[in-house]
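Notes follow the structure.
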Amino acid sequence: MTYRLSLNTATTKHWTLEQAVAGAQHAGLEAVGLWRDRVAEAGLENAARIVRDAGLRVSSLCRGGFLSAADPEGIAAALEDNRSAIREAQALGTHELIMVVGGLPACSGPSSAAIPDGDKDIVAARRRVSERIGELVGYAREHGVRLVLEPLHPIFAADRAVLSTLGQCLDVAAEFAPQEVGVVVDTYHVWWDPQLADMIARAGREGRIASYQICDWTLPLAADALLSRGHVGDGYIDFPTITGWVAATGYTGDIEVEIFNEAIWSTPGDQTLATMKDRYDRLVAPFL
């Protein structure tokens, strides 16, 4: 039987890719989710070899996206970066490229301050995201890679993702075949959505669930809200219920733990993996 728990390298931020792969293998995991920064540090061919030699799957590559630029130079740069990400995903042997689609042009990048007279038209930004996805789909298809739209909690709409709900992502994806554009259900970002059950069911009917990512929403929020993720069971998310909704769609893929949290990053990686496994085994796996 496949053990579906996957370590996303963001969870063990201070480990190199080689350390993360070795840690996952030692813990009995069968998959890792990779961030491009760790792949770049190791070198693409070497990274692929490290994972392959360990006998692990790459559940996903993160991230592509940031497609909401309005100026020609920004658009061209974003498209080229995403084509590079697509090639990297193919080389690593994963079909799933997670797309954090980008915020308002009034923000020049993640966590940046707004430019007072910048472009704040969020409707237009969403339209540009959809158009850029359309420009990338053919290239991704040629490389055997699916573009996986990730809704981010609305607090990140300004600087990271103008798509805030699973429904919005599914509406964008609807223009394309399910094997071309999918969605990720990340509990941290979607747990609050009153339409979540219906949207997960819709995603299942349309064959678009490409990834299920789990971590908890904890309080108080960190000064940087991005770092307020916790281990499953440490916060306010109802994992048995959400996992049951995902399982009911027939999703059988990997389940990634992706945590951004300074305290967890400072914890020895082997301890983090032990906690991951315990929480998965108790609060997620029984409901699959």
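Results, tabulated for the structure shown:
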read-out	value
Residue-level accessible surface for Lys120, protein heavy atoms, 1.4 Å, Å²	110
Apportionment of accessible area to carbon and sulfur, region 96-219, percent (1.4 Å)	53
For the chain, built as a Gaussian network whose Cα springs stay under 10 Å, the top-fluctuating residue of Gly43, Gly204, Gly233	Gly43
Nearest 10 degrees, 0 to 90: helix 17-26 Cα axis against the chain principal axis	40
The chain - Rg over Rh from alpha carbon coordinates, Kirkwood radius	0.94
Angle between the chain longest axis and helix 72-92 axis [Cα atoms, degrees, rounded to 10]	30
For the chain: accessible area per residue (Å², 1.4 Å)	41
Sequence of Trp35, Trp265 when ordered by accessible area, the most exposed leading, probe 1.4 angstrom	Trp35, Trp265
Compactness index (Cα Rg / 2.2 N^0.38 Å), region 1-158	1.12
Chymotrypsin sites (Phe, Trp or Tyr not before Pro) restricted to DSSP loop in region 163-246 with at most 15 other C-beta within 10 Å	Trp192, Tyr236
Heavy atoms of Ser130: accessible area, 1.4 Å probe, square angstrom to 10	20
Rg/Rh for region 35-110, where both radii come from Cα atoms and Rh is the Kirkwood radius	1.05
Accessible-area order (highest first, 1.4 angstrom probe) of the listed residues His95, His189, His143, His26	His26, His95, His143, His189
Three-way shape label, region 200-277, alpha-carbon gyration tensor, a/c 1.5	prolate
Computed E for Gln195/Glu131 - FRET, C-beta separation, R0 30 angstrom, nearest 0.05	0.75
In degrees, nearest ten, helix 44-53 long axis to first principal axis of the chain (Cα)	30
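The values are calculated or read from the model by the stated rules, or taken from the named source; none is laboratory data. All values reported here derive from a predicted model rather than from experimental measurement. When we count neighbours, we look across all protein chains shown, and the Cβ atoms used for this are built from the backbone with ideal geometry, even at glycine. Note: areas computed on protein heavy atoms with side chains; ligands, DNA, RNA excluded. Shrake-Rupley method; radii C 1.70, N 1.55, O 1.52, S 1.80 Å.
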